[in-house]
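Heads up: the structure comes next, in structure tokens.
The values are calculated or read from the model by the stated rules, or taken from the named source; none is laboratory data. Since we're looking at a predicted model, the values are computed, not measured. Note that we place each Cβ from the backbone using ideal geometry, even for glycine, and neighbour counts take in every protein chain shown. The area values use the complete protein model at the heavy-atom level, side chains included, leaving out ligands, DNA and RNA. Shrake-Rupley method; radii C 1.70, N 1.55, O 1.52, S 1.80 Å.
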Amino acid sequence: MGEMSKSVLENESVNWLFLDLNSYFASVEQEARPELRGQPVGVVPMVTDNTVCIAASYEAKAYGVRTGTGVKDAKRLCPAIQLVEARHELYVQYHHRIVEVVETCIPVTIVASIDEMACQLMGRERPVCNALQLAAKIKRTIRERVGSTLRCSIGLAPNRFLAKVGSDMQKPDGLTVIRLSQLPANLYSLKPAALPGIGPRMNRRLEQRGIFTMEQLCALSEVQMRSLWGSVVGKRFWHWLRGEDSEEVSIEPQKSVGHQHVLPPDLRTMQGANGVGQKLLHKAAVRLRRLRMWAGGLSVHVRFTPWREGKFWEAHTRIAECQDTISLLETFHKLWKKCPTGKPVMVGVSLYDLVPDNLHTAALFPEEQKRSQLSRAIDSINAKYGSNALYLGGVHYVRDAAPTRIAFSSIPEFD
Ligand SMILES: [Mg+2]
């Protein structure tokens, strides 16, 4: 490779990191039960011959056991297989821990399923060499802080779709970069059915139109893809395959940053809601600074029980452009004083009227500057030692509340 093309590759950027845990349920069982490590393991919904494996360890996969393999077949393929009953709560607990430690490396933008998450890369995370280092750090952090048997495959790519494709290209413990400059040729080794969203039915339709290879698929025009899919999905695929990132923050500037959380029963008090609200505000403020934005407004809302009556309180206020947690908390407390009392079941906060760094009017008072610097310093310490390493006193007793929630609807292997 010539010097010039080498430096072009090194300067190339990626926008998304997609992480997929390998043989997730089986690996969690091997983590929780060390006697299963190194063994062929099949996870089953119940212990009977009339069911199928919902997950298989890599040792079992070597014998041809897959998700969906019947228990009788699994025993025939691999007589030594250890069948263990699925423990969904355990997998959810591990999921939360994994998301938490990934967030010590980079914020998780989208939790796609119980074993998949996507992170949008920003600033210095984007050059390929830095993204590769970040991916290695995430893998190491999961092994060190959650479990030594947990492996993941990571894809780095110009958009989320291709990052997911990349995460599927090397297993287990994979790390794949899909570079914009090499598209679409770097996809030609894949079959069209390897793309998320091309299921057996869509694949048959492609084959009926004479499309058997990725090269043939990539040769279609935008109009042809749209008509092949019969919807805008085909058009979207055409753009994704070319590396376009429609989720780019700079193209679609963010209008607000907010979080809301359904309160667990023990925090359904005014004090509990206040504490969770403060924690949510912390999270939103970290996100705001990460986006290099300043907020011109803050809103707080609380929903009270009973749900059916739809009792809802909301308050807004405009503020001088701000991004530091202390000032935002002061505003939060002022708004909270107006909140009626009752039995709260949900609380949310939102920062709006966002202004990017380059349009922000510099702080006039040294006190404001100090607060911004302090907030940035706390962010960098938390990025290094875990998101709860440093926080302001008011949120201490609820710091484990409001975790990142799983998109339960998209967990593929749950009924
Ligand atoms: Mg997986």
(Q) I'd like to know if segment 12-32 contains one or more residues that are surrounded by fewer than 18 Cβ atoms within 10 Å (Cβ to Cβ) and in a loop (DSSP other than H, G, I, E, B). (A) no
Q) Inside segment 253-352, counting only strands (runs of 3 or more DSSP E) that do not spill past its ends, which hold 3 or more residues that are farther than 22 Å from residue 379 by Cα and in contact with a strand residue (DSSP E or B) (Cβ under 8 Å, 6 or more places away or on another chain)? A) 293-304, 312-322, 344-352
Q: For residues that are under 31 Å from the mean Cα position of the chain (by Cα) and over 18 Å from residue 189 (Cα atoms), scanning just segment 202-227, find the one that is least open to solvent (accessible area, probe 1.4 Å).
A: 225
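Does residue 47 fit the bill of being part of a loop (DSSP other than H, G, I, E, B), within 16 Å of the ligand (Cβ to nearest atom), without any contact (Cβ under 8 Å) to a residue 40 or more places away in the chain and of a type outside the set (Ser, Thr, Tyr)? Lay out the reasoning, then the answer.
Values: part of a loop (DSSP other than H, G, I, E, B): yes; within 16 Å of the ligand (Cβ to nearest atom): no; without any contact (Cβ under 8 Å) to a residue 40 or more places away in the chain: yes; of a type outside the set (Ser, Thr, Tyr): yes.
Here the answer is no, as residue 47 does not meet what is asked.
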Q. In segment 312-331, is there at least one residue being basic (Lys, Arg) and surrounded by 15 or more Cβ atoms within 10 Å (Cβ to Cβ)?
A. no
Q. Out of (1) open to solvent by 10 Å² or more (accessible area, probe 1.4 Å); (2) in contact (Cβ under 8 Å) with a residue 40 or more places away in the chain, what's the single condition that is false for residue 137?
A. (2)
Q | Residue satisfying condition, being within 26 Å of residue 117 (Cα to Cα), more than 16 Å from the ligand (Cβ to nearest atom) and open to solvent by less than 10 Å² (accessible area, probe 1.4 Å), within set 162, 180 | A | 162
(Q) If I ask for residues that are surrounded by fewer than 18 Cβ atoms within 10 Å (Cβ to Cβ), within 15 Å of the chain's Cα centre (by Cα) and aliphatic (A, V, I, L, M), which ones from segment 72-98 would you list? (A) 92
Q: Can you confirm whether segment 102-115 contains a residue that is open to solvent by 20 Å² or more (accessible area, probe 1.4 Å), within 16 Å of the ligand (Cβ to nearest atom), closer than 25 Å to residue 154 by Cα and at pLDDT 90 or above?
A: yes
Q) Just wondering, is there one or more residues in segment 272-290 that are surrounded by fewer than 18 Cβ atoms within 10 Å (Cβ to Cβ), farther than 16 Å from residue 347 by Cα and out of contact with any Pro (no Cβ under 9 Å at 6 or more places or on another chain)? A) no
Q: Please indicate, with yes or no, whether at least one residue in segment 239-246 is in contact with a helix residue (DSSP H, G or I) (Cβ under 9 Å, 6 or more places away or on another chain), surrounded by fewer than 13 Cβ atoms within 10 Å (Cβ to Cβ), within 30 Å of residue 358 (Cβ to Cβ) and modelled with pLDDT under 95.
A: yes
Q.
Looking at residue 172 and the list (1) within 16 Å of the ligand (Cβ to nearest atom); (2) open to solvent by less than 50 Å² (accessible area, probe 1.4 Å); (3) modelled with pLDDT under 95, which single condition is not satisfied?
A. (2)
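Looking at 66, 33, 126, can you tell me which residue is within 16 Å of the ligand (Cβ to nearest atom) and of a type in the set (Lys, Arg)? If you could, list the steps in order and put the result at the bottom.
Numbers: 33 fails: within 16 Å of the ligand (Cβ to nearest atom); 126 fails: within 16 Å of the ligand (Cβ to nearest atom).
Answer to the selection: 66.
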